[in-house]
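Read-outs throughout are calculated quantities, based only on the coordinates presented, and are distinct from any laboratory measurement. Worth saying up front: this structure is predicted, and the values here are computed from it rather than measured. Because the Cβ atoms are built from the backbone with ideal geometry, glycine has one as well, and the counts that use them run over all protein chains shown.
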Amino acid sequence: MKINLPKIIQGGMGIGVSNWHLANVVSRMGQLGVVSGTALDQVMARRLQDGDLKGDIRRALQAFPNMGLAQRVLDTFFIPGGKPAHVPYKAIGIHTIKNNSFIDELCVVANYVEVFLAREGHSNPVGINYLEKIQIPHLPSIYGAMLAGVSVIIMGAGIPVNVPKVLDLFCKHEAATYPIRVIDATPDTDCVRTFDPAMLFPEGLPPELNRPDFLPIISSDSLATMLLRRAEGSVEGFVIEGFTAGGHNAPPRGQMKFDELGQPIYGARDIVNLEAMRKIGLPFWLGGGYGSPEKLKEALDQGAAGIQVGTAFALCEDSAFTPELRTKVRDSLLAGKATVFTDPVVSPTGFPFKVASVEGTISDPEVVRQRTKICDCGYLLEAYRKPDGTVGYRCAAEPEAIYLAKGGTPESIVGRKCVCNALFAACGLPQVRANGYKEPGVVTLGDDALNVQRFCKAGSTSFTAEDVIRTILGA
């Protein structure tokens, strides 16, 4: 790798929880701060509509290498002083395989802004985390992050075998393609996304960019071997994420079985063979329940370069969870009242998703009953081949009649919830509906959330990112 190996990689929790401020704090302390790259186009657009009260986004836009494009973004979304609380956020449109220059440009700018701010004021590396399940925005998002000098690309929730070649091409501002998974696709189905950086710089391209290191998130050593064999370009290491980690988990290997609570049962086949990983010879980090000095030592003793920590950083004062939600969750955990449930169906992705039990969020059945189904963010849409041969888009969390009319199956609907809108709400950017209804949030944490008290100082129920790092490093 081109960077010094950190002992701690801060998890990239999305949407927006791992924001630029958290990553900036972590990187300043010599560990790898990571911003969430999920839905950054919408995150930035909403922050601008809220008035960008501290001027951070506008400051970053002043450094963007195409001032005309930066100004178009401001003219479209910035509202001095912020929009009235009852007014909905402006829609930006749904990502589709067919190029939309406006959304592509917004992705580039938003990823640039987030990485720029995370790097501001120090010279240490910063990373960005994406989900392979959300494929369509990859190309403009990655390019925007590279324009801002991102050092590490981390990607999970799938098999991101095509990313290394994209990084090689974007270093030289060359056009790249990305194959998109389309259900029931035939050889003549248009499944390829394209992006050409030249469209952003008609008057001449910027200097060649540095290639970031690529760290795919894996849940098996066989996946590591397959990625190295199939990738057209270099992989610099791996993040090995266990099934106790927050967010999306890989499904159990083999037949899906459930415990008495309805959670997927994981077994010996779901534990990565670290001896095989050591033989590969690339650095790796262990994630999922490793946020303590003892677990860091255990990871290092097993040959890991370090650990990935998400839950502790999500609950610290520097994350972008709303203060009210963060305090409610932390207090519930410290009182022994909150639980974390691995829900096998809540996410439209089909991956198990860890959900913390928090009153007033989508873990609350009454909240779910009151919500009218709508899918207007579209990040977890699945592409499918329509009868006429064109590509359509559907989501198991959209209104049932619409989903079924698009060829979705009734069993796919059961238990699904709108994770996109809920994640926006959790970081303080909830959509407001015309009738005044405000979208509820969701909290996803790893099983290690139950041990959050280790980061609190005596007499306090709160802690900072600095407290997390110093506690884990034993400082």
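Below is a table of values for the structure above.
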{"read-out": "Ala312 out of contact with any helix residue (DSSP H, G or I) (no Cβ under 6 Å at 6 or more places or on another chain) and surrounded by 14 or more Cβ atoms within 10 Å (Cβ to Cβ)", "value": "no"}
{"read-out": "Positions within the range 170-195 being surrounded by 12 or more Cβ atoms within 10 Å (Cβ to Cβ) and out of contact with any strand residue (DSSP E or B) (no Cβ under 8 Å at 6 or more places or on another chain), in sequence order", "value": "Cys171, His173, Glu174"}
{"read-out": "Selected residue (criterion: nearest to Gly14 (Cα to Cα)) from residues of the range 225-238 that are free of Cβ contacts under 8 Å to residues at least 60 places away in the same chain and crowded, with 16+ Cβ neighbours inside 10 Å", "value": "Phe238"}
{"read-out": "Any hit, the range 385-395, residues being over 22 Å from Asp331 (Cα atoms), buried (at least 21 other Cβ atoms within 10 Å of the Cβ) and β-branched (Val, Ile, Thr)", "value": "no"}
{"read-out": "Condition check for Phe201: aromatic (Phe, Trp, Tyr) and more than 21 Å from Leu40 (Cα to Cα)", "value": "yes"}
{"read-out": "Some residue of the range 239-252 being touching a Leu at 6+ places or on another chain (Cβ under 7 Å), surrounded by 15 or more Cβ atoms within 10 Å (Cβ to Cβ) and over 23 Å from Ile134 (Cβ atoms)", "value": "no"}
{"read-out": "Residue ID - farthest from Ala425 (Cα to Cα), chosen from residues in the range 339-354 that are crowded, with 22+ Cβ neighbours inside 10 Å and out of contact with any Lys or Arg (no Cβ under 9 Å at 6 or more places or on another chain)", "value": "Pro352"}
{"read-out": "Residue match in the range 65-73 (condition: under 30 Å from Trp285 (Cβ atoms), in a loop (DSSP other than H, G, I, E, B) and of a type outside the set (S, T, N, Q))", "value": "no"}
{"read-out": "Residues satisfying the stated conditions in the range 329-373, i.e. under 17 Å from Ala312 (Cα atoms) and touching a Cys at 6+ places or on another chain (Cβ under 8 Å)", "value": "Leu334"}
{"read-out": "Set Val115, Val108: member being within 18 Å of Asp168 (Cα to Cα) and buried (at least 24 other Cβ atoms within 10 Å of the Cβ)", "value": "Val108"}
{"read-out": "Residue match in the range 26-44 (condition: out of contact with any helix residue (DSSP H, G or I) (no Cβ under 8 Å at 6 or more places or on another chain), in contact (Cβ under 8 Å) with a residue 60 or more places away in the chain and assigned to a helix (DSSP H, G or I))", "value": "yes"}
{"read-out": "Within the range 231-318, helices (runs of 4 or more DSSP H) holding 1 or more residues that are farther than 30 Å from Val346 by Cβ and either in contact with a Ser or Thr (Cβ under 9 Å, 6 or more places away or on another chain) or not polar (S, T, N, Q) (or both)", "value": "274-280, 293-301"}
{"read-out": "Qualifying residue in the range 139-156 (condition: of a type in the set (Gly, Ala, Ser), assigned to a strand (DSSP E or B), within 19 Å of Ala231 (Cβ to Cβ) and in contact (Cβ under 8 Å) with a residue 60 or more places away in the chain)", "value": "yes"}
